[in-house]
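Colleague: One structure, as structure tokens, below. Some questions next.
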Amino acid sequence: MATRVVVGTQWGDEGKGKYIDMLAKTSDIVVRFSGGNNAGHTIVANGTKYSLHLIPSGILHSGKTCIISNGVVVDPAVLLDEIKDLNSKGISTDRLLISGRAHVIMPYHKVLDEVQEKFRGANSIGTTKRGIGPCYSDKTDRCGIRMCDLIDEDLFIKRVKENLEIKNLIIEKVYGGEKLSEEKIISEYLEYGRLLKNHVCDVNSIIFEAIDNKKDILFEGAQATFLDLDFGTYPFVTSSNPIAGGVCTGAGVGPVYIDEVYGVLKAYTSRVGAGPFPTEQDNHIGDTIRELGFEYGTTTKRPRRCGWLDAVMIRYAAKVNGLTALAINHVDTIGKIENIKLCVAYEKDGVRINSFPCSLKDLEKCVPIYEEFDGWDIDISNVKTFEELPANAKRYLKRIEEIIGVKIKLIGVGKEREQTIVV
Ligand code: GDP
Ligand code: IMO
Ligand code: MG
């Protein structure tokens with residue numbers, strides 16, 4: 001039996017979906033434990049591309065129980081669309097279970113996300129505008145609406161009325177926006193509740209039982225360490241805890257039950273949205289990486305900012321998450337660059353530092369110290385073992401492993417689920 005966690009070690013889009021899909025094959029249960037439909041996880045299986053936002057990426061394997069746990073915020077319309085889309089592709093969602101404790105993203109959360117971003121102007125975070133931040137704010141403000149409330153019609157109507165009165169005042173009087181209709185929200189959402197009712201249950205008992213029966217459980221992370229509300233580049237972060245510790249609160253699992261933590265990274269770095277990025281290449285190098293790696297958002301289609309791999313970040317992520325293995329993607333992509341740079345430390349005020357500063361002002365002062373590597377412009381997309389990789393690729397990967405102090409277990413050499421080297 002093993003409980004494994006998959007987390008992002010950078011700013012998201014590291015290719016978590018591909019590895020979750022792969023590890024799901026040998027898991028009984030897959031649990032998505034944080035975030036919402038701000039996530040976009042791509043899986044390419046047998047030439048078909050799947051973009052999942054809420055449903056655990058284990059759904060593509062039949063017979064797996066897929067759980068959306070309490071740490072997730074659920075937009076029911078998006079979830080129903082995703083269910084419909086999967087079903088139309090012949091994928092069953094009968095084994096999809098949703099925690100009654102998961103919070104519901106309401107229309108006013110999406111409106112508030114939009115108007116707050118507009119109000120921030122030049123300081124905007126570049127959110128996905130999916131209502132994620134406002135929904136988590138309501139959760140901590142103790143006025144959120146949960147999935148168990150959504151399926152209880154009388155309670156849901158009461159909760160909407162209580163919330164909408166104040167939300168409409170804020171939307172109208174503070175932000176100059178348009179009031180939302182109570183009747184429309186109630187009728188739309190009650191229908192969502194009816195359609196999702198059969199999926200909502202006490203998922204924690206199922207997880208506890210699986211742990212007692214020594215089943216294999218995979219915890220699917222969304223977002224990443226540097227988007228974490230506590231450990232990321234605050235305030236340019238998301239509003240949840242996507243780190244491995246988020247499994248404890250987001251799925252109700254004590255830390256002693258976690259066996260392995262896989263940290264997913266790209267062989268370079270990308271970021272969508274605003275915020276600092278020490279190794280960013282806002283130049284022809286970044287453009288080349290973007291084109292070679294096809295770096296455009298799965299959720300918002302925005303071009304991703306690209307730059308060199310930053311080992312200072314990954315070392316920090318290794319500690320924060322307690323990584324037991326690294327899973328590195330896009331090794332095929334980076335090899336096409338003639339001179340690859342790897343950031344091994346920063347120089348700040350003339351001093352070499354190995355840690356990731358918490359103050360953004362300090363981070364801005366950090367100048368990356370690079371080591372240089374030669375690329376390997378040969379097609380590695382069909383390579384199956386570490387030994388078969390070109391010498392330059394092995395050198396680059398060995399150095400990453402050495403600096404981070406965590407073993408690389410999985411190496412991505414292409415988009416397809418099979419294009420993975422298991423070390
Ligand atoms: P996630 O959010 O972490 O699941 O990652 P995304 O799906 O948003 O972004 C990762 C992108 O990289 C997707 O387009 C994947 O198909 C692609 N990808 C993943 N691994 C590899 C790889 O090893 N090589 C290449 N060329 N593409 C990859
Ligand atoms: P996956 O799971 C990349 C970013 C947004 C923005 C910030 C806050 O696919 O790796 P939010 O809408 O969460 O309030 O936006 O976080 N962001 C992501 N970037 N991948 C993601 O998920 C992301 N989820 C949120 O771009 O900068
Ligand atoms: Mg993504």
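Colleague: As an exercise, find the ratio Rg/Rh for the stretch 357-423 from alpha-carbon atoms, using the Kirkwood inverse-distance average for Rh.
Modeller: Checking Rg against Rh, the ratio lands at 1.10.
Colleague: Of the trypsin sites (Lys or Arg not before Pro) in the stretch 234-313, which ones lie in a loop per DSSP and count no more than 11 other C-beta atoms within 10 Å?
Modeller: Lys301
Colleague: Where in the chain lies the longest segment free of GluC sites (Glu not before Pro) that are both loop residues by DSSP (not H, G, I, E, B) and have at most 14 other Cβ atoms within 10 Å?
Modeller: Longest stretch, sites excluded: 1-177.
Colleague: Still on this structure, please answer the following. In terms of modelled amide H atoms, which long-range or inter-chain residues lie less than 5 Å from the amide H of Asn329?
Modeller: Leu265, Lys266, Ala267, Gly412
Colleague: Further question: For Val320, what accessible area in Å² do you get when you roll a 1.4 Å probe over the heavy atoms of the protein chains, rounding to the nearest 10?
Modeller: 40 Å²
Colleague: In the stretch 77-154, which trypsin sites (Lys or Arg not before Pro) are in a loop and have at most 10 other Cβ atoms within 10 Å, using DSSP for the loop call?
Modeller: Here the sparse-neighbourhood loop sites are Lys89, Arg142.
Colleague: For the stretch 13-134, with only Lys/Arg (+1) and Asp/Glu (-1) charged at the beta-carbon, what is the dipole magnitude about the Cα centre, in debye rounded to 20?
Modeller: Dipole of the stretch 13-134, to the nearest 20 debye: 60 debye.
Colleague: May I ask which of Lys18/Lys64; Lys16/Lys336; Lys110/Lys173 have a Cα-Cα span longer than 20 Å here?
Modeller: Lys16/Lys336
Colleague: Expressed in nm², what is the orientationally averaged projection area of the convex hull enclosing the Cα positions of the chain?
Modeller: The Cα convex hull of the chain, projected and averaged over all directions, gives 20.1 nm².
Colleague: If you count the DSSP beta bridges with both ends in the chain, what percent of them are antiparallel, to the nearest 5?
Modeller: 40 percent
Colleague: Please list, in chain and number order, the residues 5+ apart from Trp308 or on another chain whose amide H is under 5 Å from its amide H, with Hs placed from the backbone.
Modeller: Here Thr269, Gln281 satisfy the definition.
Colleague: Over all directions, the average projected area of the alpha-carbon convex hull for the stretch 1-160 comes to how many nm²?
Modeller: Computing the convex hull of the Cα atoms and averaging its projections yields 10.9 nm².
Colleague: Among Thr233, Thr42, Thr300, which one moves the most in a GNM of the chain with springs linking Cα atoms closer than 10 Å?
Modeller: Among Thr233, Thr42, Thr300, the largest GNM mean-square fluctuation belongs to Thr300.
Colleague: Just to be sure I understand the model, the point goes 7 Å from the Cα along the line to the Cβ. What's the resulting Glu388 to Ile186 distance in nm?
Modeller: Taking the simple label geometry, Glu388 and Ile186 are separated by 6.3 nm.
Colleague: Note the per residue figure in Å³ for the convex hull of the C-alpha positions in the stretch 268-337.
Modeller: 108 Å³
Colleague: Percent of Cα-Cα pairs per 5 Å bin, from 0 to the last occupied bin, for the stretch 92-233, please list those.
Modeller: Reading upward from the zero bin: 2, 8, 14, 18, 18, 14, 13, 7, 3, 1, 0.
Colleague: Suppose the chain between Lys361 and Asp230 were pulled fully straight at 0.36 nm per residue; how much longer would it get relative to their current alpha carbon spacing?
Modeller: Length gained, Lys361 through Asp230: 45.5 nm.
Colleague: Based on the Cβ-Cβ distance of Lys173 and Ala122, what FRET efficiency does E = 1/(1 + (r/R0)^6) give at R0 = 25 Å, to the nearest 0.05?
Modeller: Calculated value: 0.55.
Colleague: Taking the inverse of the average 1/r across all pairs of different Cα atoms in the stretch 204-337, what Kirkwood radius in Å do you get?
Modeller: Across the stretch 204-337, the inverse of the average 1/r is 16.3 Å.
Colleague: Okay, next question. At 0.890 mPa s and 25 °C, plugging the Kirkwood radius over alpha-carbon pairs of the stretch 155-215 into Stokes-Einstein gives what diffusion coefficient in µm²/s?
Modeller: For the chosen part, D equals 170 µm²/s.
Colleague: Defining a contact as two alpha carbons under 8 Å apart and six or more residues distant in sequence, what relative contact order in percent does the stretch 265-422 show?
Modeller: Taking the mean separation of contacting Cα pairs over the length of the stretch 265-422, I get 25 percent.
Colleague: Averaged over every viewing direction, what's the projected area of the C-alpha convex hull for the stretch 265-422? Give it in nm², one decimal, please.
Modeller: Dividing the Cα hull surface by four gives the mean projection, 9.5 nm².
Colleague: How many nm is it between the label spots at Val351 and Lys398, if each spot is 7 Å from the Cα in line with the beta carbon?
Modeller: 3.4 nm
Colleague: What residues qualify as long-range amide H neighbours of Ala345, i.e. H under 5 Å apart, gap of 5 or more or another chain, H built at 1.01 Å from N?
Modeller: Close amide H contacts, sequence-distant or interchain: Ile369.
Colleague: When only Cα pairs under 8 Å and 6 or more residues apart are kept, what is the percent relative contact order across the stretch 103-196?
Modeller: RCO, the stretch 103-196: 30 percent.
Colleague: With the other protein chains left in place, how much accessible area per residue, in square angstrom, belongs to the chain at a 1.4 angstrom probe?
Modeller: Per residue, the chain has 42 Å² of solvent-accessible surface.
The values are calculated or read from the model by the stated rules, or taken from the named source; none is laboratory data. Predicted model, so just to flag it, every value in this text is computed and none were measured. So basically every Cβ, Gly included, is an ideal-geometry build from the backbone, and we count neighbours across all protein chains shown. With ligands, DNA and RNA removed, areas are computed over all heavy atoms of the protein, side chains included. Shrake-Rupley method; radii C 1.70, N 1.55, O 1.52, S 1.80 Å.
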